[in-house]
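See structure below.
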Amino acid sequence: MSFRIHALPLEPFAPLFALFDDALHAHGARRVVADGRPVYPCRVSLQDATEGERLVLLHHQHQSADTPYRAAGPIYVREAAVVATPDVDEVPQLLRRRLLSLRAYDARGMMVWADVRPGEELEAGIAELFAIDRTEYLHLHYAKPGCYACRVTRA
């Protein structure tokens, strides 16, 4: 089963970097400077921020379906982010290094099934969830903090 991982687009977030801190706070966002730990995963570049990089931490609605599974949560976006466009069946290293929650949704945005896998086993988890006929797309989350990571579709 071929798949494609989708990062978030940069356009909705780019204007935030020009805002002063009080304006960011009004949007419920915060400016963050990475301290070198691999805990600042950018949802646009699908890369961890390196020490000293500036990011914005904000609340983002990643599951906008009008169902009980509508969901939002915190995400990081690197100021220097370039949108990641992984090839078919390519898994960014950012995902390989983490424990992931895989959530399968149908075309209406209702959850079909879910699983938890180490990033090294991501392809097997994706294949199992896409083997369920009703599965339209997947969302990956970082299992420990529970934050949204990216979307996965059939290629």
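Read-outs: derived from the displayed coordinates by stated rules, not from any lab. Everything numeric here is computed off the predicted structure, so don't read it as measured data. Cβ atoms come from the backbone with ideal geometry, glycine included; neighbour counts cover every protein chain shown.
Please report, in Å, the Rg and the Dmax of segment 78-145, where both are computed over Cα atoms only.
12.8, 39
How large is Rg over Rh for segment 3-154, taking Rg from the Cα atoms and Rh as the Kirkwood inverse mean of 1/r across Cα pairs? Intermediate values should be presented prior to the final figure.
On the way: Rg = 15.5 Å, Rh = 15.9 Å.
Dividing the radius of gyration by the Kirkwood radius yields 0.97.
Using helices alone, what [θ] at 222 nm do you get for the chain, with -39,500 (n - 2.57) per DSSP H run of 4 or more residues, divided over all residues and rounded to the nearest 500?
Working: 3 runs with 19 residues, N = 155.
Result for the chain, helices only: -3000 deg cm²/dmol.
Taking the number of other C-beta atoms within 10 Å as the exposure measure, put 1, 111 in order starting with the fewest.
Working: 1 12, 111 17.
Placing the least packed residue first, the sequence is 1, 111.
Using only alpha-carbon positions, what ratio does the radius of gyration of segment 43-90 give when scaled by 2.2 N^0.38 Å? Mind showing how you got there, number by number?
Details: Rg = 13.4 Å, N = 48, 2.2 N^0.38 = 9.6 Å.
My calculation over the Cα atoms of segment 43-90 gives 1.40.
Among 16-26, 31-41, 71-81, 47-57, how do they line up from the highest to the lowest mean number of other beta-carbon atoms within 10 Å?
Numbers: 16-26: 12.0, 31-41: 15.1, 71-81: 19.1, 47-57: 17.2.
Result, highest mean Cβ count within 10 Å first: 71-81, 47-57, 31-41, 16-26.
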